[in-house]
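Below is one structure; the comments refer to it alone.
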Amino acid sequence: MASAALRVSASLRWKSAWPAALALALGIICGMILVGDLEASGLLVSQKGRAFQPGNIALSRGETVMFVNDDSDLLHHVFVESDTFNFDSGDQEPGSRTPVTFTEKGTFQVLCGIHPKMKLVVRVN
Ligand SMILES: [Cu+2]
């Protein structure tokens, strides 16, 4: 009798864990989709090997580009100089992430103050 009651309560506990496990799995999947979207929409720009990757992106006004210094031993320094929009990151340490929100429409050249060959074209719609 006692062992049957134990078995029942054990199986109940197992069943009640399912919604939590399902919620956790859904949460992980949603997180992966969100990160995937950010990368797919080109809002992550890597600075690696003295180059921007990708070298060309388009986004909507008000969106933020995350610049990631993926060079383990180099400083970078992104800036934009234009009539309508200006930005200067200062020095970007290896591994650092620098968000830049493009608040104006237009086509902008993002340059690196340290590596003159680094160029990124950002089209803001
Ligand atoms: Cu650089």
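The values are calculated or read from the model by the stated rules, or taken from the named source; none is laboratory data. Everything quoted here is computed from the prediction, not taken from an experiment. Neighbour counts are summed over all protein chains in view; Cβ atoms, including those assigned to glycine, are modelled from backbone coordinates with ideal geometry.
Summary of computed values
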quantity: Pair list, Cβ < 6 Å and 6+ apart or interchain, from the range 80-102 residues that are in the same structural domain as Phe67 (by TED's automatic domain parsing) to residues that are more than 16 Å from the ligand (Cβ to nearest atom) and among the charged types (D, E, K, R); calculated: Thr84/Glu104; Phe85/Glu104
quantity: Filter result for Leu22 (in a helix (DSSP H, G or I), at pLDDT 70 or above and among the hydrophobic types (A, V, I, L, M, F, W, C)); calculated: no
quantity: Residue list for the range 53-86, filter: within 16 Å of the ligand (Cβ to nearest atom), part of a loop (DSSP other than H, G, I, E, B) and of a type outside the set (Ser, Thr, Tyr); calculated: Pro54, Gly55, Asp70, Asp71, Asp73, Leu74, Leu75, His77, Glu81
quantity: Residue satisfying all of: in the range 87-100; within 16 Å of Ser46 (Cα to Cα) and part of a strand (DSSP E or B); farthest from the ligand (Cβ to nearest atom) among these; calculated: Pro99
quantity: Condition met for Thr107 (under 22 Å from Lys48 (Cβ atoms), at pLDDT 95 or above and not in a loop (DSSP other than H, G, I, E, B)); calculated: no
